[in-house]
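Undergrad: Handing you this structure, nothing more for now.
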Amino acid sequence: MEQAPEQAPEHAAEQATERERQRGPEALPEVPPARERVLEALAGHGPERPATIGALVEVLGGHPNTTRAHLARLVDDGLVARTPTGAGTRGRPALGHQLTERGRLVVEALRVSRPVSTDELVTAMAEHLAHTSDPEVHARAIGRRWASQLSEPSAGSRPAPPVDTVVGLLTTAGFSPQVEPDGDIALRTCPVLASARAHPGVVCTMHEEMLRATLDRSGAADTEVHLVPFAREGACLVRLSSARRG
């Protein structure tokens, strides 16, 4: 029996991508918010201009290692390809990154399902609040209302440790929290980074109050929380302390 000739790898990849396109968005992998931002940043870099990690960090903020970890996962998922750029040190060329065709399909699907970015919406809200008589009061009120939508009050069950509650909530919200040796929680990615840079007094206060109200509702009202915007290079910090509020 005559066998069909083997397809070249690039032709097989093209056909696989076309099958995914025909099957629709449900065939594409789910991407967490932090990695969505990496894909969006890469969308502006074509094959002739792959993005280095340094270039991505300038757009995304945060620590290079965080961006490097996100890229490694996106490469494993077949959404991003690495290519030498010709720059870098002798014998170790810098690597550029660009979307694969599959990655571009994911970006297209994300844009269709989310026509207005969260960052744009938060920026508009922050600009409005910044011109009110007391922006901080309004930001804290929004943070408390936000917390009421994210969690139910503790009802007799043993509450989780405050640090676990905060880390879990921040992860769900699209941050990449990391507990430091000194107990601080470092945030090296932010889903609304542009808004936070433009209006930290509103955006970061809103996040801080959301965390505080969530701890209250989880039975940890004796834990104080402070969010310190841009406390370190490439990171904001969340600090928890035991200090019952009156």
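The numbers here are math on the coordinates, done by the rules we state, and not lab data. The structure displayed is predicted, hence computed values, not measured ones. Don't worry about glycine lacking a Cβ; one is built from the backbone with ideal geometry, like all the others, and counts go over all protein chains shown.
Undergrad: With a Förster radius of 22 Å, plug the Cβ-Cβ distance of Arg145 and Asp182 into 1/(1 + (r/R0)^6) and report the FRET value to the nearest 0.05.
TA: 0.10
Undergrad: At what distance in nm do the modelled label points of Ala231 and Ala72 sit from each other, each positioned 7 Å from its Cα along Cα→Cβ?
TA: That separation, rounded to one decimal, is 2.6 nm.
Undergrad: Could you give the length gained by full extension between Ala160 and Glu48, i.e. 0.36 nm per residue of separation minus their alpha carbon distance, to one decimal place?
TA: Roughly 35.4 nm would be gained on extension.
Undergrad: Something else about it: Could you tell me, in Å, what Rg and Dmax come out for the Cα atoms of region 118-242?
TA: So, for region 118-242, Rg and Dmax equal 14.1, 42 Å respectively.
Undergrad: If you don't mind, there's one more thing I want to ask. Between Glu101 and Ser133, what is the label-to-label distance in nm when each label sits 7 Å out along the Cα-to-Cβ direction?
TA: 6.1 nm
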